[in-house]
Amino acid sequence: MTTLEQLFNKGYLPRTKQFLQQLAILTKKEYESRILETKPEWWGRMALSNSAGGGGGIGIKQIPGGYIVYYLNQGKYNYLSVIEKGRAPYSIKNALLRSPRVRYGEKGKYIIVPFLKSYGRKVNAQNFDINSILRFAGNLKDQRNITRKKYTLIEIKTGSGNVFGIEQGPIKTGRMQYSYVKYMTVSEESNGWIYPKIKSQPIGPILQKKVNNILNSNQFQDLIKKDVTEFLEKFVR
């Protein structure tokens, strides 16, 4: 006996298929919108990012009898899992000091971390005093054979602080443009550097319940009945 799933897969339920296609598209859009509304915002942006290291966003795939809306989960880190399940606080310091780019000084391990934002503000000449202007001068190998970037001093501004401007080259008008970076040193003696707890923000179960209600609605059931009736009238004698 032919099942509804077989009829769907063979294209004999056009109204039903169109409805499910539109439902999948709308569910994908709402999934993405809810992800972008989660806190901290960075996790949502990375979950939807198609760039290197990003999660790839939400996809739609046809399956027997319908469609599935799912997280692509590309890259090495499951950002959506952290959003939906939450995560306990953890030590950023310990994670940073495990980096292969860590340095060694008289007081032990340390690492210099560049920041483009600080306390919610973009690092630039409007928000921070600039120590100096630097120019990229190539790469060099340190004593541990690790490649480091080398900079030369171009101009001293305030001469103090840990925010620097990096020359990026002239724009069309000939005026030099800059990027700005705040350098922070993290060592074994550093205090703080604890990433706060991320609260659970379940999205999938909420959307699944919403989709289930739509699939159980009279509107959807009527579409199936019309498609089945049309099929019987055309192909069953």
Give the lysines whose C-alpha is closer than 22 Å to that of LYS10, dropping any in the same chain fewer than 8 places away, or say none. LYS61, LYS225, LYS226, LYS234
Using a Gaussian network model of the chain with C-alpha springs under 10 Å, which one of GLY11, GLY204, GLY174 is most mobile by mean-square fluctuation? GLY174
Debye, to nearest 20: dipole size of segment 1-101, +1 on Lys, Arg Cβ, -1 on Asp, Glu Cβ: 320 debye
Whole-number accessible area per residue in Å² for segment 1-150, which is evaluated in the context of all protein chains at 1.4 Å: 65 Å²
Once the Cα gyration tensor of segment 102-183 is found, what semi-axes does its equivalent ellipsoid get, as square roots of 5 times the eigenvalues, in whole Å, sorted largest first? 25, 18, 11
Let me have the relative contact order for segment 48-124, percent, based on Cα pairs under 8 Å that are six or more residues apart. 16 percent
Among (1) 1.19; (2) 1.22; (3) 0.97, the entry derived from the coordinates for Rg/Rh (Cα atoms, Kirkwood Rh): (1)
Which helices pass in the chain if a helix is a full DSSP H run, must span at least 18 angstrom along its long axis by Cα, and must have mean Kyte-Doolittle hydropathy not below -1.0? 14-36, 218-235
Using the beta-carbon distance between LYS141 and SER91 and R0 = 35 Å, what value does 1/(1 + (r/R0)^6) give for FRET efficiency, to the nearest 0.05? 0.70
From zero up to wherever the largest Cα-Cα distance of segment 39-156 sits, split into 10 Å bins and tell me the percent of pairs in each. 10, 23, 32, 22, 9, 4, 1
Proximal lysines to LYS141, defined as alpha-carbon separation beneath 25 angstrom and excluding residues fewer than eight positions away on the same chain: LYS93, LYS107, LYS109, LYS149, LYS150, LYS182
Size of segment 1-86 as Cα extents on the principal axes (Å, biggest first): 50, 23, 23
Note down the nm distance, to one decimal, between modelled labels 7 Å out along Cα→Cβ at LEU232 and at MET184. 6.8 nm
When you count, for each residue, the other Cβ atoms within 10 Å and take the mean per peptide, how do 69-78, 154-163 rank with the highest first? 69-78, 154-163
Determine the order of GLU106, GLU30, GLU188, GLU37 by accessible area, beginning with the largest, at a probe radius of 1.4 Å. GLU106, GLU37, GLU188, GLU30
Please work out the FRET efficiency for the pair ASN73 and GLN126, using the Cβ-Cβ distance as r and a Förster radius of 35 Å; give the result to the nearest 0.05. 0.35
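The values are calculated or read from the model by the stated rules, or taken from the named source; none is laboratory data. Nothing here was measured: the structure is a model prediction, and the numbers come from that model. Neighbour counts are summed over all protein chains in view; Cβ atoms, including those assigned to glycine, are modelled from backbone coordinates with ideal geometry. The protein model used for the area step is the full one, side chains on, heavy atoms only, and it has no ligands, DNA or RNA in it. Shrake-Rupley method; radii C 1.70, N 1.55, O 1.52, S 1.80 Å.
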